[in-house]
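These notes concern the structure reproduced below.
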Amino acid sequence: MEPDSHTVNSPLNLNPLAKFISASLAVVIGQTAVAQEADPEQATSAGNLSLEEVTVTAQRKSQNLQSVPIAVSAFGEEAMERGNMLDVEDVSAMTPGFSLSSYNPVTPQPYIRGVGTNSSSVGDDASVGVFIDEVYAGRAGGYRADMFDVQRVEVLRGPQGSLYGRNVAGGAINVITNNPTDTFEAKAKVTGGNYNLKEFRGMLSGPIADSVNGRVAVSRRTRDGWIENVNTGNDDLGNQDNLSVRGKLAVVLGDRTDLMLSADYATDDLIGSGARSIVGYEDVFGTAHPTENDADKVDSFVDGYAERDMYGVSAKLTHSLDTVDLVSITAYRTQDYAFNDDMMGRYLAAAGAAMTNDAAEESSQFSQELRVQSTGTEALEWTAGLYLFQEDVDRVESFDSSRVYDLAGFPGLMSRPVWDASNETTSYAVFGEATYHFSPAWSASFGGRYTYDQKDFTSVASGAPDEFGFLAEDYSVTADKNWKKFTPKATLTYTTENADIVYATISEGYKAGGFNGIAATEQGATVAFDPENATNYEIGFKTSMLGQRVRLNGAVFYLDYTDLQSFTVDLETGQVETATGDAEIKGVELEASALVTDALMLAVNYGYTDSEYVSFESDPTIVGNNLARTPEHSASASINYEWMLGNGSAINFNTNAMYQGEVFYSVGNTEAASDDARTLVNANATWDNFDGLKVSLWGKNLTDEAYVVHAFEQTGMGFAIMGEPTTWGISVTKDFF
């Protein structure tokens, strides 16, 4: 395959865009200021206007976002409610350089700056780490649940490891849930909407006993499906059925010692979550398929399903000494899920081809983090820690093409290869980072992480050979391998008198190698694939202007990646491979926000990512292709306006638009497994009486844009999972104090 022929601008040439955004916002606010000069009362009010300070814990301590020399985006509880952000996918749409696709809802695939993992095999790890209240969620399906009662979500771009328990090469997503309060609080939210949406969210928080505060939150969400399987007649595919519960206990053990106990549980029961539409059928067969241009119709032999149960417990113990804090985080998480997806439907039945993919997985993990960090305002700030992670995964998976024999008139014959695989991961790490402030203006940070990973893998494969060549031979293998790596980080930061910062960072990231849990041959299952290694070069800035009414943050980065792991299928043999390739990724990220008046706030985000494979040993034709799931351009814009009413209440209007450029879902960059550029528009209008009662009317994908969230190519056609259509609803929220 020839590399795509196109002209790519250097990221440095995009710097004028930053000037344009800041100048545009300044003009808008400047015009507002002129109008205010004509109204002395308005001018007095405007003199006190400033954007609220955003507090993050990206560096394991509470800091003003504008002082953190990391490319990080943060979304608070109010912003998430106004934007109807229900899960990580909604967050990704508002974050530059962050995309997320899903093979089905229990196997999400997050990508940051082109780095991610498209495999859920037992022998793989995640390139993008998700941390829930500082606890790493190892398996992909272990975090894409309904986000509720969340205080904040932070997205850190680039390698993280010198301050985090579990090492991640591409980036980190921090989900911080609300803690118990020392006074009584309660909230109830009821939502109804189209497709028979019914949702209830409730929260209760307050003191339980002396020195003990508690909090419990629950979310129950059901919604009918929006996709019809024309073969079975079931029009409930793509439904939602989730129950999530979380509880926390905050215990004061002494003047200097606190204990936070947490527990959570979630369950999903979904129909047709992996239902696939057909793309390019007419191009191949010369006539259009009846469902080809209908995003809400599929033609599948079976509806398919996905089921998931997961829970976790954790204990965070914090003891404060005079100059340092000692922190211990002990956690255990487990997840069971199963799915059955009709991969090809009846689209290729005339050619005698059909296949389903089913899997059942049980996983559990234990983690222990010990951390000591300095406190106070000394010239030297530092953090050091030890980390232990143990994970056990058992997975049975099949690509079943037995229906091929039914179509050929030989019912009862089997073509069902089955892999019964398990993997045990043990990882140890020591990590730390120190920052020295040479002066009020200059500081330097040096950090590092030493990681040791051990994997013990077993796999029993049976049912060879199958019609599609997924399994060439039966085998039973046992294999193990370990990897070790030191990954350093260095940052130089300059802080102006106005508290703006400019920083330069060099950091390395690492992800362990692993084993192919669905290999076609014994050799393919026994030989481990190489670990990923990333070196990130980044220059960034964070600035506030016009009396804290405008913020502009940006970063320019270059990422040198070796042995980037990719899950691929050889179309000639049908064999599944975990191939590795080297890549170069460079780009620009900009985030701007402005408080135009006391009622109007604007925000704009933009990401430019130029990604390219520079080597791919198993298939040299991949060289020159873009990385999968990495759009070159992505952007979002939001407008928030609050209209005060005469009776003391207000109506808040919030609208956001999210743009994503063309994206390929395979390393081969085939058009059939891609999605065109798209723009999604969401809106929310909320009446607030400022006495605990809110009523909201909201809508998502208001233009009813048809778009693809996952696709693969076969015989020139694309088999695509489509994104959700227009959804809307009314929510009523009542706070009790």
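For the reader, a short list of remarks on this structure follows.
- In the condition set (1) under 30 Å from T356 (Cα atoms); (2) part of a strand (DSSP E or B); (3) aliphatic (A, V, I, L, M); (4) free of Cβ contacts under 8 Å to residues at least 60 places away in the same chain, I506 is compliant with all but (1).
- Hits in region 655-668 (condition: farther than 26 Å from L697 by Cβ and either assigned to a loop (DSSP other than H, G, I, E, B) or aromatic (F, W, Y) (or both)): G661, E662, F664, Y665, S666, V667, G668
- The single condition among (1) in contact with a strand residue (DSSP E or B) (Cβ under 8 Å, 6 or more places away or on another chain); (2) free of Cβ contacts under 8 Å to residues at least 60 places away in the same chain that D90 does not meet is (1).
- A Cβ distance below 6 Å, combined with a sequence gap of six or more or placement on separate chains, defines the contacts here; from region 531-555, residues that are at negative phi and basic (K, R) reach residues that are assigned to a strand (DSSP E or B) and buried (at least 22 other Cβ atoms within 10 Å of the Cβ) in the pairs K542/N553; R549/L595.
- Residue that is farthest from A188 (Cα to Cα), among those in region 664-702 that are in contact with a Lys or Arg (Cβ under 6 Å, 6 or more places away or on another chain) and crowded, with 19+ Cβ neighbours inside 10 Å: N682
- Odd one out for L471 among (1) under 27 Å from D124 (Cβ atoms); (2) buried (at least 16 other Cβ atoms within 10 Å of the Cβ); (3) among the aliphatic types (A, V, I, L, M); (4) at pLDDT 95 or above: (4)
- Annotation: R60 fulfils all but one of (1) in a loop (DSSP other than H, G, I, E, B); (2) modelled with pLDDT under 50; (3) of a type in the set (K, R); the unmet one is (2).
- Looking across region 620-637, the residues that are part of a helix (DSSP H, G or I) and not polar (S, T, N, Q) come down to P620, I622.
Residues checked against (1) of a type in the set (A, V, I, L, M, F, W, C); (2) surrounded by 15 or more Cβ atoms within 10 Å (Cβ to Cβ); (3) at pLDDT 90 or above:
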| residue | (1), (2), (3) |
| --- | --- |
| K248 | no, yes, yes |
| D255 | no, no, yes |
| D258 | no, yes, yes |
| S262 | no, yes, yes |
| A266 | yes, yes, yes |
| D269 | no, yes, yes |
| R276 | no, yes, yes |
| V284 | yes, yes, no |
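- Scanning region 326-352 for residues that are crowded, with 18+ Cβ neighbours inside 10 Å and over 15 Å from A306 (Cβ atoms) turns up V327, I329, A331, R333, M344, G345, R346, Y347, L348.
- Here R449, R395, R416 are screened, and the one residue that is in a loop (DSSP other than H, G, I, E, B) and either at positive phi or of a type in the set (K, R) (or both) is R416.
- Of residues in region 286-305 being closer than 21 Å to T356 by Cβ and of a type in the set (G, A, S), the one surrounded by the fewest Cβ atoms within 10 Å (Cβ to Cβ): G304
- Taking the criterion of being over 23 Å from the mean Cα position of the chain (by Cα), surrounded by fewer than 20 Cβ atoms within 10 Å (Cβ to Cβ) and closer than 25 Å to A706 by Cβ, the residues of region 196-225 that qualify are N196, L197, D224.
- Counting only strands (runs of 3 or more DSSP E) wholly contained in region 249-334, the ones carrying 2 or more residues that are farther than 30 Å from G138 by Cβ and either among the basic types (K, R) or touching a residue at least 60 places away in the same chain (Cβ under 8 Å) (or both) occupy 277-279.
- Checking region 139-151 against the condition returns a match, with at least one residue being assigned to a loop (DSSP other than H, G, I, E, B) and under 30 Å from G448 (Cβ atoms).
- Residue in region 565-579 that is in contact with a Pro (Cβ under 9 Å, 6 or more places away or on another chain) and either surrounded by fewer than 23 Cβ atoms within 10 Å (Cβ to Cβ) or at pLDDT below 95 (or both) present: yes
- So L386, is it out of contact with any His (no Cβ under 6 Å at 6 or more places or on another chain), surrounded by fewer than 17 Cβ atoms within 10 Å (Cβ to Cβ) and within 19 Å of K489 (Cβ to Cβ): yes
- The condition (being within 23 Å of Y195 (Cα to Cα) and either in a strand (DSSP E or B) or free of Cβ contacts under 8 Å to residues at least 40 places away in the same chain (or both)) is satisfied by just one residue among N652, N682, N640: N682.
The values are calculated or read from the model by the stated rules, or taken from the named source; none is laboratory data. Nothing here was measured: the structure is a model prediction, and the numbers come from that model. Note that each Cβ is placed from the backbone with ideal geometry, even for glycine, and that neighbours are counted across all protein chains shown.
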